[in-house]
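**Student:** Structure incoming, see below.
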Amino acid sequence: MEDQDSNPAKEVARDVFPFLRVYKDGTIQRLVATESLPPGLDSETNVVSKDVVIFPETGVSARLYLPNSAVAKKLPLVVYYHGGGFFAASTASREYHSALNRIVAASNVILASVDYRLAPENPIPVPYADAFAALEWIAGAGGRSEPWLRDHADLDRVYLAGDSCGANMSHHFALKLSGSGRALRIRGVAMIHPYFWGKDPIGAEVGDGFRKAMVDNWWLFVCPSEKGCDDPLINPFVEEGNGSGLQKLGCERVIVVVAGDDILKDRGRLYYEKLVGSGWKGKAEYLETEGKDHVFHIIQPDCEEAKIVFKRLGAFFNDDS
């Protein structure tokens, strides 16, 4: 995509800092997570990956990750949704590919990273619809027909996981599956730096007008609804008397992971507290990493703090209690 600085006449219609620019001629310039890596054997982690097309008509796909040492034993299946505000990144992004190799190595799971269509070309709710349809395919008929999933995935131990907007989607899918009558059963949900928001500031947002406005801009860009930042998709506490129906969450276990310097941290903590107090019958865990910012584990997957997060996720995915 052409850089604006090389063409001063190219006018910016909207700047969605720091992710992308929309120009008045309709072109979109994405600025982060634009470098892609192919699947294959990762020599550092001994994890092997491959891409599978799920829905050719839309291009929705998944990158599957498997420990290269996997034997006949079935492994927990983690369906992972990448972050990026619904409008950036992909399963092939260098940052995600590198981090997910490390998560799989630390957890000894088979992982399916879903590549859903992005806004604004595909506005909300398209990313949600793509991601949920992919989940049903992976943990259903598709999983029984795809060799890696058929041979290595334990479909009785399916977990949802994601960071930022991927954690947001995982929450909504766990609610959607509750009492739906679908055969798909989710064992647990790992919500890493979840992207929830709201019109009225809370916690650190009160004194940080710059970042509050920045995150407001992200959501209003992908979902320009009349409900704004109190749309239930981004603010799960605006319905049902502020209870959000969390007691209906369709899984047995949840872990909420937040970063101490993340502007979204207070929303993640609020989610955990409301879940614990909702009457939900499952087991909730909480992990906060001090001194780190949003999705640091993706940006710096080799730092010691990221390794601690990966180890905790591995314990979560392999807890059969």
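**Student:** Going through 41, 37 one at a time, which residue ends up being within 22 Å of the chain's Cα centre (by Cα) and open to solvent by 50 Å² or more (accessible area, probe 1.4 Å)?
**Tutor:** 37
**Student:** Check whether at least one residue in the stretch 219-239 is touching a strand residue (DSSP E or B) at 6+ places or on another chain (Cβ under 6 Å), closer than 28 Å to residue 105 by Cα and touching a residue at least 24 places away in the same chain (Cβ under 8 Å), and report yes or no.
**Tutor:** No: zero hits.
**Student:** Let me ask something else about it. Assess whether residue 30 counts as being of a type in the set (Lys, Arg), open to solvent by 50 Å² or more (accessible area, probe 1.4 Å) and in contact (Cβ under 8 Å) with a residue 40 or more places away in the chain. Walk me through how you get there before you give the answer.
**Tutor:** Values: of a type in the set (Lys, Arg): yes; open to solvent by 50 Å² or more (accessible area, probe 1.4 Å): yes; in contact (Cβ under 8 Å) with a residue 40 or more places away in the chain: yes.
Here the answer is yes, as residue 30 does meet what is asked.
Per-residue answers, yes or no, for (1) at pLDDT below 95; (2) under 18 Å from residue 174 (Cα atoms); (3) in a helix (DSSP H, G or I); (4) not small (Gly, Ala, Ser):
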residue: 106; (1), (2), (3), (4): no, no, yes, no
residue: 113; (1), (2), (3), (4): no, yes, no, no
residue: 136; (1), (2), (3), (4): yes, yes, yes, yes
residue: 151; (1), (2), (3), (4): yes, no, yes, yes
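**Student:** Moving on. For the stretch 194-218, enumerate the residues that are in contact (Cβ under 8 Å) with a residue 40 or more places away in the chain and of a type in the set (Phe, Trp, Tyr).
**Tutor:** Across the stretch 194-218, the qualifying residues are 195, 196, 197, 218.
**Student:** Look at the stretch 165-184 and say how many of its residues are free of Cβ contacts under 8 Å to residues at least 60 places away in the same chain and in a loop (DSSP other than H, G, I, E, B).
**Tutor:** Residues meeting the conditions: 4.
**Student:** Scan the stretch 41-62 and report the pairs whose first residue is more than 12 Å from residue 117 (Cα to Cα) and modelled with pLDDT of 95 or more and whose second residue is open to solvent by 50 Å² or more (accessible area, probe 1.4 Å) and hydroxyl-bearing (Ser, Thr, Tyr), with Cβ atoms within less than 7 Å and a gap of 6+ or a chain change.
**Tutor:** 46/69
The values are calculated or read from the model by the stated rules, or taken from the named source; none is laboratory data. What you see is a predicted model; the values in this text were computed from it and never measured. Cβ atoms come from the backbone with ideal geometry, glycine included; neighbour counts cover every protein chain shown. The accessibility values were calculated without ligands, DNA or RNA, using every heavy atom of the protein model including side chains. Shrake-Rupley method; radii C 1.70, N 1.55, O 1.52, S 1.80 Å.
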